[in-house]
Amino acid sequence: MIHELLLLTTTLLHDPALGVAPSDALSITATIRTGSGDWAFETVAGWAKLPDDKPLGPTHGGVAIDKAGRVYVASDGKCGILVFAKDGKLEKTIAEKYAGCHSLLLVEENGVEFLYAAHLAGHQALKLALDGTPVWTLGVPMESGAYKTAEDYHPTSLVPAPDGSLFVADGYGTSLIHKFDKDRKYVKSFAGSGTEDGKVKTCHGLAIDSRGDKPTLLVCDRENRRLVRFDLDGKYVDTIATGLRRPCSVAFRGDHLAVAELEGRVTILDGKNAEVAHLGDNPDVKERANFGVPPASWKDGIFTAPHGLAFDAAGDLYVQDWNQSGRISRLRRLP
């Protein structure tokens, strides 16, 4: 299956009639098929075009989607978080003062939707209303004893657990994961840098895995190239995937999950965590995990550095590449 996918993607890539983005492109310009079997997608041409005064800016963030289908894209640019309608029209920008959010997560609480964000630029975690208004901010956990100043703290992701507790990953700092209670009081720290079970190297993205009897904390252990799980007390449970291309974040769709791999690929894992499809696999090793790939070199349906991603209600997948010019792709799932 995966071999067939690679052949299909490579064939489309080298067809000159099918889509090298023009030098001024900010969005996908051609319809390209990627994936295989039940996980086949096609790119949506023309999605997320932007006016000149609203540049996407460097995309080193995340993607979230609300119940109305609006797509929230975090960037390091002056617009902060950009909000798109499902058809790709830019509706507004929010949270400009919080530009530099490294992750975004849409969470519904008592019928109200909120955005949770790891604000890397501000060394803090955030909970935002959908208009970008802060509900609360959570700074450096000095109680952990791991930091001398706030500038030593580099949060990359956060996720609330079903019991209301909160986990924040210091992915670009100590590789510690900090747990807070439902009132955001510090509880403990665990993981930390290493290669052995229970340790991580750049705990980049976090998610709650609810597929088992008890929810677990899923961690994108980026530099160890694996996905690992801890229980909600911070005890190592298992490693569910290895040999990945520097996993950055995950998105669940039923018992399957999509993994954004920085080295030019999105992988779909099934309910048993087996690889069942690859999307947008980049054959050019020099473009993988390359922040500086210019728009003139982008190829529709081929990723350079997937960093954030999210499924919408219909199963379409939105993928953000880590890119200095800013890049976001919508993949429509095929029946």
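Listed values, structure above:
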| quantity | calculated |
| --- | --- |
| Computed [θ] at 222 nm, helices only, for the chain once each DSSP H run of length n ≥ 4 contributes -39500 (n - 2.57) | -1000 deg cm²/dmol |
| Proxy reagent accessibility, fewest Cβ within 10 Å first, across PHE311, PHE303 | PHE311, PHE303 |
| Cβ crowding within 10 Å averaged over residues, with 241-251, 281-291, 192-202 ranked highest first | 241-251, 281-291, 192-202 |
| Residue-span extension gain [ALA129 to PHE291] - 0.36 nm each, minus C-alpha spacing | 55.3 nm |
| Net charge dipole size for the stretch 92-168 [Lys, Arg +1 and Asp, Glu -1 on Cβ; Debye, nearest 20] | 200 debye |
| The stretch 279-327 versus the stretch 46-85: alpha-carbon centroid distance in Å | 14 Å |
| Residues in the stretch 313-335 reached by a label modelled at ARG253 [backbone nitrogen below 17 Å; 7 Å Cα→Cβ] | 313-321, 329-335 |
| Linear extension gain, THR31 paired with ALA150, 0.36 nm per residue minus alpha-carbon span | 38.3 nm |
| Dipole magnitude of the stretch 2-333, debye to nearest 20 (Cβ charges: Lys/Arg +1, Asp/Glu -1, about Cα centre) | 220 debye |
| Residue-span extension gain [ASP38 to LYS54] - 0.36 nm each, minus C-alpha spacing | 2.1 nm |
| Partners for LYS201 among aspartates and glutamates (Cα-Cα distance below 12 Å; same-chain residues under 8 apart left out) | ASP170, ASP221, GLU223 |
| Cβ-derived FRET efficiency at R0 30 Å, GLU196 paired with ALA85, nearest 0.05 | 0.05 |
| Label-to-label distance, nm, for residues given as ALA314 and LYS182 (7 Å Cα→Cβ offset) | 3.8 nm |
| Of LYS67/LYS148; LYS148/LYS214; LYS54/LYS127, pairs whose Cα-Cα distance is over 32 Å | LYS67/LYS148; LYS148/LYS214 |
| For the stretch 2-333, with +1 on Lys and Arg beta carbons and -1 on Asp and Glu, the positive-most of SER210, THR267, GLN124 along the dipole | GLN124 |
| Relative exposure of ASP233, ASP221, judged by other C-beta atoms within 10 Å (fewest first) | ASP233, ASP221 |
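Taken together, the values in this text are just the output of simple stated rules run on the coordinates, not laboratory data. Note that the coordinates shown come from a computational prediction; the quantities given were computed from them, not determined experimentally. Positions of Cβ are generated from backbone atoms using ideal geometry, with glycine treated the same way; all protein chains shown enter the neighbour counts.
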